[in-house]
Amino acid sequence: YGDASQKIDYVFKVVLIGDSAVGKSQILSRFARNEFSLDSKATIGVEFQTRTLVIQHKSVKAQIWDTAGQERYRAVTSAYYRGAVGAMLVYDITRRQSFDHIPRWLDELRSHADKNIVIILIGNKTDLENQRAVPTEDAKEFAQKEGLFFLETSALDATNVESAFLTVLTEIFNILN
Ligand code: GDP
Ligand code: MG
């Protein structure tokens, strides 16, 4: 977790998108503060959280943007996407509808964001395997077809959350170097 005194080599803006209640805010909370809350209220106020990490001997400040609940009204604004170099497209593996909406989110992302943006598809809540409604293969196939990275995560038990962020941040870093 970040040391405020260190010099920053890069700042990467990454946006979280996907249907309401898929776990975007908890994924961010797990990554930025290593915290999780089961009764998280709809996100209010906070625009982004940051965490500084080291990639190939450079310090990279990840500035991760979270929607303030606007996704419920599909009213995420273009300001949200502006300057983003990475995106995490999140669905809930127990809610098929949240996966079926992914193409729409991808369209919105592609129409608002930079064309070189690095995108990862994330199936969250793998701790609820017994309620799974989206087979891993379906998502993997979709990701492959669309040229996205793909991982399944659990913000609750922390599975793959770190890996998901590192995948995106490292790819952005490699594109720039
Ligand atoms: P958002 O609307 O996409 O930001 O979703 P939230 O982060 O607010 O999470 C919605 C609900 O799902 C909350 O009750 C969270 O505690 C719960 N949740 C988020 N991630 C997980 C997870 O990995 N596993 C489980 N079991 N619940 C989760
Ligand atoms: Mg939220």
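Tabulated data for the structure shown
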{"quantity": "Helices (runs of 4 or more DSSP H) within region 92-177 that include 2 or more residues farther than 23 Å from V54 by Cα", "calculated": "96-100, 102-112, 136-146"}
{"quantity": "Output for region 59-70, where each listed residue is within 16 Å of ligand 1 (Cβ to nearest atom) and within 24 Å of E171 (Cβ to Cβ)", "calculated": "I64, W65, D66, T67"}
{"quantity": "Among the candidates T77, T136, residue that is within 16 Å of ligand 2 (Cβ to nearest atom), over 14 Å from the mean Cα position of the chain (by Cα), surrounded by fewer than 14 Cβ atoms within 10 Å (Cβ to Cβ) and of a type outside the set (A, V, I, L, M, F, W, C)", "calculated": "T77"}
{"quantity": "Any chance Q56 is closer than 21 Å to I175 by Cα and of a type in the set (S, T, N, Q)", "calculated": "yes"}
{"quantity": "Of residues in region 105-129 being polar (S, T, N, Q) and touching a strand residue (DSSP E or B) at 6+ places or on another chain (Cβ under 9 Å), the one farthest from Y91 (Cα to Cα)", "calculated": "T126"}
{"quantity": "Residue under evaluation I55, criteria (1) modelled with pLDDT under 95; (2) more than 16 Å from ligand 1 (Cβ to nearest atom); (3) of a type in the set (V, I, T), criterion not met", "calculated": "(1)"}
{"quantity": "Qualifying position, being more than 11 Å from ligand 1 (Cβ to nearest atom) and touching a strand residue (DSSP E or B) at 6+ places or on another chain (Cβ under 6 Å), among V90, V76, V85", "calculated": "V85"}
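The values are calculated or read from the model by the stated rules, or taken from the named source; none is laboratory data. Quick caveat: nothing in here was measured; it's all calculated off a predicted structure. All Cβ positions, glycine included, derive from the backbone under ideal geometry; neighbour counts span all protein chains shown.
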